[in-house]
Amino acid sequence: MVNIRNLDPSASPLDYYGSELRRLREEANLSQAELGSILYCTASLIGQIETAKKVPTRQFSERLDAALLTGGVFTRLVGLVLKSQLPTWFQAYAEMEAKATYISTYQSQLVYGLLQTPEYARAVLSVENPGRLEELVAARMERQRILEREHPPVLCVVLDEAVLYREIGGAEVMRNQLAHLLGFLDHPWIQVQVLPFHVGQHPGLLGSFNLLRFEEDPDILYTESYDSGHMTANSQAIRERSVGYARLQASALSREASAERIERVTRERYGHQPGPAMA
């Protein structure tokens, strides 16, 4: 039997998406099976999305807009749906990240989320969230869309060398992730540097942190603990971390030397020379 669960469109972006999908499908006089046939998916998937049991992807939304001639309604709405899948405590940061004009980050454990491949992100997120894995991966990939804007933020990333050696998801996932980082070597607005082991003590020893700058709003410092994040616009904290970040950049390898280090680690630890991303 077809699931006809009634949704409260105001309950969440996902509920609103599902209710709009059902309303527009019925207006088009299409059954779930007929729409699924047009979209090359199952009637069950249509039903799950209409009842807010399944999170739609951006690709699904684009095909849906084309099929129902909605003028891009679902493609615009899916961004809100995916952002709503982020942990509640992280959503405020994601909103500020999307507004920033300049992002500086030091990462001691993992590749920064905006530069993760889907496979790397899946491996990271599977540790704590196996039941919501696909939704969280999709949400992380949605965050990365800010780098594709006409005017993307400047992104400066300093990665501790340990990040290159920490095998997340297996050798193949790491090879692809490191090749992905190398693909930013000539990017005009993204800079990736590696902080080598030989530096010893440095201003990032207390952990990863992000600095966000805006055209008009005050700068923000973001740090993260086990199950929460903390943002502050405290001027003294911003001052101290900004100086610390400048010192990290000065101690890190240059852009070109960082790429050489990433290539070497890929070859020696993961058994393969980086390929297409170098082109």
Quick one: would you say V158 is touching a residue at least 40 places away in the same chain (Cβ under 8 Å), crowded, with 20+ Cβ neighbours inside 10 Å, aliphatic (A, V, I, L, M) and more than 28 Å from T88 (Cα to Cα)? no
Within the range 76-121, how many residues are within 17 Å of L181 (Cα to Cα) and either of a type in the set (D, E, K, R) or free of Cβ contacts under 8 Å to residues at least 24 places away in the same chain (or both)? 3
Total residues in the range 153-169, condition touching a strand residue (DSSP E or B) at 6+ places or on another chain (Cβ under 7 Å), outside any helix (DSSP H, G or I) and among the aliphatic types (A, V, I, L, M): 5
Considering only the range 86-111, state which residues are closer than 16 Å to R145 by Cα, of a type outside the set (F, W, Y) and assigned to a strand (DSSP E or B). I103
Please list, ordered by first then second residue, the pairs with beta carbon atoms under 9 Å, 6 or more apart or interchain, first in the range 37-58 and within 19 Å of G131 (Cα to Cα) and part of a loop (DSSP other than H, G, I, E, B), second modelled with pLDDT under 90 and basic (K, R). T51/R5; A52/R5; K53/R5; V55/R132
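The values are calculated or read from the model by the stated rules, or taken from the named source; none is laboratory data. No experiment lies behind these values; they were computed from the predicted model shown. Methodologically, a virtual Cβ is constructed for each residue, glycine included, from the backbone with ideal geometry; neighbour enumeration extends over all protein chains shown.
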